[in-house]
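This report refers to the structure that appears directly beneath it.
Bear in mind these aren't lab numbers, they're just calculated from the coordinates by the rules spelled out. From a predicted model like this one, the values you see are computed outputs, not experimental measurements. Counting neighbours? That spans all protein chains shown, and the Cβs are built from the backbone with ideal geometry, glycine included.
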Amino acid sequence: MITMYTKPCRVLVAGEREELRHVLAVVKRRGQELIEAADARDVLLLLQQELADVALLDLCVLGRDGLELLQEIQRLPHPVPIIFLTDSRDVHFAVEVMREGAADYLVKPLPADEILLAIHRAVAKTNPFSELGWQREREAELRQAS
């Protein structure tokens, strides 16, 4: 198993708590700070306060159109990468949100490691130092395994 760079980041999560319980536990164990939002309004308020580095948003609980919310987030002074979670395999919507700038679009259910990898990739795109740190950790793991 590949260990991802574990520099703490602040992950904003909006979703059904029970459904994401295992993911939240893994993210916490990896040392990430979790910030929970109940709906789209809370997401926007927390992001306006610059309290998160990445957002993991379940489309089912947002209470509004995901594409519209993404566009509103991107208009903020300091937008963060957005990872959408959904039960739907709507390819058209997935393509649309990716074109509009979503960092990722994941179909539930999925293993916690996939979500962690998506968080890592999203943060690495906005913070090149986190990617460099991850590469150094991976090189150290390979040296130890040899």
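Values for this structure:
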item: Local electrostatic count at Ala25 - Lys and Arg +1, Asp and Glu -1, tallied over other residues with Cβ under 13 Å; result: +2
item: Packing-based order for 91-97, 119-125, using average beta carbon neighbours within 10 Å, highest first; result: 119-125, 91-97
item: Computed over the stretch 10-145: relative contact order in percent, which uses C-alpha pairs under 8 Å that are six or more apart; result: 22 percent
item: Dipole magnitude of the stretch 1-130 about its Cα centre (Cβ charges: Lys, Arg +1; Asp, Glu -1), debye to nearest 20; result: 520 debye
